[in-house]
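Please treat every number below as a calculation from the coordinates, not as lab data. What you see is a predicted model; the values in this text were computed from it and never measured. Note that each Cβ is placed from the backbone with ideal geometry, even for glycine, and that neighbours are counted across all protein chains shown.
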Amino acid sequence: MLVELRIQNFAIIEELSLELSPHLNIISGETGSGKSLVLDAFQLILGARPKTSYFRKGTDGWCIEALLSLADVPEQVRVLLPEQVREEEEILLHRTMNTAGRGKVYLNGQLATVQMLQQIATKMLALCTQGQQMHLHDPRYILSLVDDYVGCGELLARYEAQYRLWQEQERALQALLSEKEARVRKQAEIEFLLHELSELQPVAGLREELEGKVRRAHLFEETVAAIQSASGLLLDDTGVFALLNQLRRELNSIPEGARPSFDEQLGRAEEELSELERQLGSFQNEEELTTEELEEASHRLSELARLERKYKTDDAGLELLYEGAKRERDEFGAESGEQEIRARLEAAEQELLALGAELRKERVRGGASFEKDVKRELTDLGMKSVRLTLDFEHHEPREHGTETVKFLFSPNPGEELQLLQETASGGELSRVMLVLKKLFRDRSGVNILVFDEVDTGVSGAVAQAVGEKMSEISKFSQVVCITHLPQVACYAEKHFAISKESGRRTRSVLKVLEGDARIEELAKMVSGYEVTPAARESARELLSSKEMSAKPLGAAR
């Protein structure tokens, strides 16, 4: 419940404090006295955007405080509150704004945000007035009322449990398929890696081996070329052996008597050169290296360099990659469990659809009675030509069923049925909310209702019916109602009157009315500006008839 609302320096309000009853609170007063400002203060507590007209001239800015009691807040609502106030028994909401336009929000004295303010206030307080985002705009809220009305809570709980089970199986299948897809990608990566490395067969030291082989191959080529050149110098027509023969001929041409003997030296030279020629030929035959072998070694060395750059490692690292890839490939097995999960998912879905169909049948069946009861109550409130229907739309399974519901509404004869929030006026919306709160006593946690315009366009017996229904609601919800009708105001447990005082400055004044003061206010509401004895008597009769018709506040719900 809202324990107290304090407003300071807010337009013509210098300071007001409303200490509220847990039941029906009525605010009355003449036009322009400040009633709408109280409503604006409630809107700001709900997180509305401030207006520049709220500043009171000559002040530093305005301040609004709301003290909320959480004593009776249900656990399902408490867990939705900000963590720092979730365990508290009271919350003080404090919102200020200075004339420079800088605003602050406090929760129990700690700085907070407007979003946190909204998170709290909207869970417990509803403004039933034109343009407000009431629960009537939420199809889920209407559906929950139908479920409560039909009494299918147990069936809904079974459906919701089955829906969670179905989701679990769906998530399990998606996880398995994602894992399978990842495994396929990984396996493709491994196969590609193995394909790249298998030809090379990398091992630690491979670079050194290949570079040595290529180096020796090039050295051998150079050696062979040198040997071939040397052999040519020995054996060519102009080579050493040819020159040696020419030398022998020249020496032999010397006359015999004058010719010294050089045969022995020439013979030794020929033998040495012949041995050299034999060794050169023998060396060329000992070492064989084909062109194909050299090309293969060069290709492997080039491929090794490419893979080292690609995988940013050396030949030893490539060996580790290769061996690891082979082990991973061997570990890949056939995926198991997919068929089992698909079977469980299908079974869960069939059960979910069966429960959804049963739930839909109950909702549609109860919807007709729901419409009749709401229409009957609205007729009591003067809406005799009202038409309404619940339009159920089927869809795939969702958390709360296989259908959504639209509240279609037509307040006047000849008008088409349209969405409630698109066709109903502020007063009509307020009366619909009033009826729903009376009939269904929703469990949304919103237990503070602020009504404005609920009595627009009504009087007499209809106005009294509005008061009676509001009084009935106040037995289980706190109600604040701004009204100009005495037939409504007479049901108040606490009656506040707002008026203007014009002295040095105009300001709003709030009084709690009791006894004769309350009779005087009701009489003024009956007769207008001039209060007559007859008006006072009418006021007394209203209070008397209200006391006779009202049930005790502790009556069972």
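D for segment 111-223, whole µm²/s, Stokes-Einstein with Kirkwood Rh over alpha-carbon pairs at 10 °C and 1.306 mPa s: what number? Rounded, D is 70 µm²/s. Partner lysines whose Cα lies under 21 Å from the Cα of residue 180, excluding those fewer than 8 positions away in the same chain, are identified as 326.
If both residues of a DSSP beta bridge must be in the chain, then about 75% of such bridges are antiparallel. Need one word for segment 449-518: rounded, prolate or oblate. Basis is the Cα gyration tensor (sqrt eigenvalues a ≥ b ≥ c); a/c below 1.5 gives rounded, then a/b vs b/c decides. The shape class here is prolate. Cross-linked pairs 406/475; 361/546; 57/469; 384/500: Cα-Cα separations exceed 32 Å for 361/546; 57/469; 384/500.
Based on the alpha-carbon gyration tensor of segment 199-331 and its eigenvalue square roots a ≥ b ≥ c, which shape applies: rounded if a/c is under 1.5, prolate if not and a/b is larger than b/c, or oblate? Prolate, since a/c reaches 1.5 and a/b exceeds b/c. Here's the picture: charge each Lys and Arg Cβ at +1 and each Asp and Glu Cβ at -1 in the chain, and of 8, 121, 137 the one pushed furthest to the positive end of that dipole is 8. Exposure proxy for 192, 220, 409, 55: other Cβ atoms within 10 Å of each Cβ, ordered fewest to most, give 192, 220, 55, 409. Among 476, 496, 10, the order by Cβ neighbours within 10 angstrom, fewest to most, reads 476, 496, 10.
Between 242, 262, 225, the Cα set farthest toward the positive side of the dipole of segment 199-331 (charges on each charged residue's Cβ, about the Cα centre) is that of 225.
Based on other C-beta atoms within 10 Å, arrange 508, 229 from fewest to most.
In increasing order of surrounding Cβ atoms, one gets 229, 508.
If only the Cβ of Lys and Arg carry +1 and only the Cβ of Asp and Glu carry -1, the dipole of the chain around its Cα centre is close to 5740 debye. Relative to the dominant Cα principal axis of the chain, helix 263-286 is inclined by about 30°. Between helix 515-527 and the chain there is an angle of about 90 degrees, using the helix long axis and the longest principal axis of the Cα atoms. Which residue, chosen from 484, 388, 474, occupies the Cα position most advanced towards the positive end of the dipole of the chain, where the dipole is computed from +1 (Lys, Arg) and -1 (Asp, Glu) charges on Cβ about the Cα centre? Most positive-ward Cα: 484.
Can you pull out the GluC sites (Glu not before Pro) in segment 52-160 whose DSSP state is coil and whose Cβ has at most 13 other Cβ atoms within 10 Å? Qualifying residues, ordered by number: 87, 89. In the chain, the longest principal axis of the Cα atoms and the axis of helix 35-45 are about 20 degrees apart. Each of (i) 1.06; (ii) 1.53; (iii) 0.99 is a candidate for Rg/Rh (Cα atoms, Kirkwood Rh); the one calculated from this structure is (ii).
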